[in-house]
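What follows is a single structure, written as structure tokens, with notes after it.
What follows is calculated from the coordinates using simple rules that are stated; it is not laboratory data. In this text the structure is predicted, and so the values were computed from the model without any measurement.
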Amino acid sequence: MGLCRWRGKSCRREAPLSAAKRAAGRYDGTTGSQDPGDYGTVFSITKTGVFSVIHSFSNTGDGAQPTGNLVRDSAGVIYGGTAYGPAFKIKP
């Protein structure tokens with residue numbers, strides 16, 4: 001079973017790789033995928049189950065397959081690493 005349903009199919013067949021709680025009961029996390037052309041995502045999910053993709057990796061300068069823990073600074077910027085490419089910085 002996937003993490004969620006999106007456009008009639010599972011959003012990610014892989015389990016979340018990391019998660020970090022932020023204000024208002026939201027959680028941010030990362031997923032990887034074994035599907036060709038899918039290089040992983042950074043997502044947000046609410047305590048009521050509303051799912052949104054914050055960033056989809058494309059392996060064209062932004063890396064692929066996020067790995068490790070997420071770190072968030074006091075301004076809400078998310079930092080993390082990828083298995084293939086650079087570390088990332090995302091302001092949701």
- Would you please give the residues with an amide H less than 5 Å from that of residue 38, counting only those at least 5 places away or on a separate chain, with H modeled from the backbone geometry? none
- Message: Based on alpha-carbon centroids, what's the gap between segment 58-92 and segment 27-56 in Å, whole number please?
- Response: 12
- Would you please give the residues with an amide H less than 5 Å from that of residue 67, counting only those at least 5 places away or on a separate chain, with H modeled from the backbone geometry? 81, 82, 83
- Item | Phi to ³J(HN,Hα) by Karplus 6.51 cos²θ - 1.76 cosθ + 1.60 over segment 75-92, Hz, x for Gly, Pro | 8, x, 6, 9, 10, x, x, 10, 6, 10, x, x, 5, 10, 9, 10, 9, x
